[in-house]
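Have a look at the structure below before the remarks.
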Amino acid sequence: MNRIISISLGEAALKGKNRSYFENKLLHHIQRAVNDLGSPKVYKDMNKIFIEATDDNINSLVNRTKKIFGIIQVRPGFRMDKDIEDIKKKAILAVEEAKSRRNIETFKVKVKRADKSFPIGSMEVTRMLGGTILKNVNNIKVDVHNPDLYVYVDIRNDYAYIYTEKIKGYGGLPVGTNGRGLLLLSGGIDSPVAGFMMAKRGIKLDAIHYHSYPFTSERAEEKVKKLARILSIYSGSFKLYSVNILDIQKAINEKCPEDELTIISRRFMMKIAERIAKKEGIDALITGESLGQVASQTIKSLNVTNSSVDIPVFRPLIGMDKTDIIEVSKDIETYETSILPYEDCCTVFLPKHPVTRPKLEKIEESESLLDSEKLIENALNSMKVIEIEP
Ligand SMILES: Nc1ncnc2c1ncn2[C@@H]1O[C@H](COP(=O)(O)OP(=O)(O)OP(=O)(O)O)[C@@H](O)[C@H]1O
C-alpha cells in the first residue's frame, strides 16, 4: 500500500557543513531502533528521512521513531509516483482513513512542490485535490481558515507524499554527537530525567548506581535496572556500573561528624564516578540535583561536592521545580518505577540535621580521618557492570 513515514530533523538540520554527519548518525539510530520491525528501508531524500512502512508496522514505527533524539516531527502517510491520478486516489484514501479515526467535517489541502519541474503548479494541484476529495468523500467541506483536517501533499524529487497527521518528536540532537556522560543514577525521580535531558543534547550515556547491599535489597537494584532500561529507549544501549558503598558509609559513620555523612558520601560517589569516567574516556558526570531541593543541594553543598572532582559535572535540573521534573518523568515513563518504595543507599545512615552550609576545609579535615584511597579501591573492585538494552 506504499505506507511511508516522513521524518523532519530538528537542530541537526541547522548544522551547516556538518549536517550530513548529524543526518547519518540519525539514519543509523533510526535503522537500529526499527530493525526488529521487519527491517524496513530507511533513506534520505533531500532534507528529510523516510521509512518504508506497511499496514502492520506503521504504528509501531511511529511510536519508536518519535522517541529518537534529533527528530522534531514524524508524519505517517503514503508515498506514490508523481502521477496526478495516483495522487488523487491516495488523497481520498488519506481523508477517509483520518475520518475513520476521528470526527472530521472540514479540510484544507496544502501542497509543497520541492520538485519545480513537476508540470502542474502547487495552486492547480491544490484545486484539483480539493475537488476530488469533495466529490468522493461524504460529509466533508472545505474550510481554509480553521479546518478539522489538513491534507499535506509533498512533491519531491523521486516521489510524491501525502500526510494528514504530524506527530511531535522530542527534538534535540542525535545521541553520540556530543561526547559521553556518566549519569549518577539513583532509584529516584530526578536522575533518570537528568539522563534523559543530557541524552537529548546528544550525549551518549553510561550510568553508575551506588547501593548498600545487603541493607538495600535486590528489588531496589532491579528497580534501577528497570529505570536504566526505560532510559535506554531514548539514549540507546549503555553500561550500568553497580557499586557497593556500604563500607564507605560505615567508615564515614564511624569516623566523621554525623551531620557531614551525606555530603561526604556524595563526594565519594563523585570521586568513584570520576575514576570510571576517566578510565572509560567519558567526558562529564551528570546528576539529578536541583538547587535547594534538599540539604545537599544548597549552593555551598554543591560547591563542596564539585570540588571533590575535576571533571565537568552537568546538572540539567538545577533550575527546575519538582513539579516540572515530575511532569517530564511521567512523560518519559520513568515516574511509575521511580516511586516504587524500595530503599536507597543514602537512607541507610541518614543524619538528622545534615549540614546545609558545609566548609570545604572542615569536610576535607573529616575526610582525612578515612583511608579514602583504599575505600575507593575496594568499592571499585566489587563493581558489577551490567549491559542495558532498550
Ligand atoms: N544511590 C545513588 N546512586 C547513584 N547516584 C545517586 C545515588 N543517590 C544519589 N545520587 C545522585 O545524586 C543526586 C542527588 O541525590 P539526592 O538523593 O540528594 O536527590 P534527589 O533529588 O532525591 O535525586 P533522585 O531523585 O535522582 O534520587 C541524584 O540525582 C543522583 O544523580
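The table that follows gives values for the structure above.
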item	result
Carbon plus sulfur fraction of accessible area for segment 3-168, probe 1.4 Å, in percent	47
C-alpha center-to-center spacing [segment 353-390, segment 172-212] in angstrom	20
13 Å reach of a label modelled at Ser39, 7 Å along Cα-to-Cβ, counting backbone N of segment 50-77	none
Quotient of C-alpha Rg and 2.2 N^0.38 Å, computed over the chain	1.25
Theoretical FRET efficiency, 1/(1+(r/R0)^6), r = Cβ-Cβ of Lys67 and Ser382, R0 41 Å, to 0.05	0.75
Partners for Lys225 among aspartates and glutamates (Cα-Cα distance below 16 Å; same-chain residues under 8 apart left out)	Asp190, Asp206, Glu333, Glu336, Glu343, Asp344, Glu387, Glu389
Spatially proximal aspartates and glutamates relative to Lys25 (Cα-Cα < 17 Å; intrachain offsets below 8 disregarded)	Glu11, Asp45
Degrees between helix 261-280 axis and first principal axis of the chain (Cα, 0 to 90, nearest 10)	60
The chain - mean residue ellipticity at 222 nm from DSSP helices (-39,500 (n - 2.57) per run, n ≥ 4, rounded to 500)	-12500 deg cm²/dmol
Spatially proximal aspartates and glutamates relative to Lys88 (Cα-Cα < 16 Å; intrachain offsets below 8 disregarded)	Glu96, Glu97, Glu124, Asp154
Accessible area of the chain divided out per residue, in Å², using a probe of 1.4 angstrom	47
Asn138/Lys112 FRET efficiency (R0 22 Å; Cβ-Cβ; nearest 0.05)	0.20
Accessible-area composition of segment 180-388, carbon plus sulfur, in percent [1.4 Å probe]	53
Where GluC sites (Glu not before Pro) fall in DSSP loop in segment 59-156, at most 14 other Cβ within 10 Å	Glu105
At R0 = 22 Å, FRET efficiency that the Cβ-Cβ distance of Asn59 and Asp158 yields, to 0.05	0.30
Pairs beyond 25 Å (Cα-Cα), from Lys48/Lys239; Lys204/Lys359; Lys67/Lys204	Lys48/Lys239; Lys204/Lys359
Over 20 Å (Cα to Cα) - which of Lys223/Lys384; Lys15/Lys41; Lys278/Lys384 fall in this group	Lys15/Lys41
Where labels lie 7 Å past Cα in the beta-carbon direction, separation of Asp331 and Val294 in nm	2.5
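The values are calculated or read from the model by the stated rules, or taken from the named source; none is laboratory data. Here the structure is a predicted model, which means the values were calculated and not measured. Cβ: placed from backbone, ideal geometry, glycine included. Neighbour counts: every protein chain shown. The protein model used for the area step is the full one, side chains on, heavy atoms only, and it has no ligands, DNA or RNA in it. Shrake-Rupley method; radii C 1.70, N 1.55, O 1.52, S 1.80 Å.
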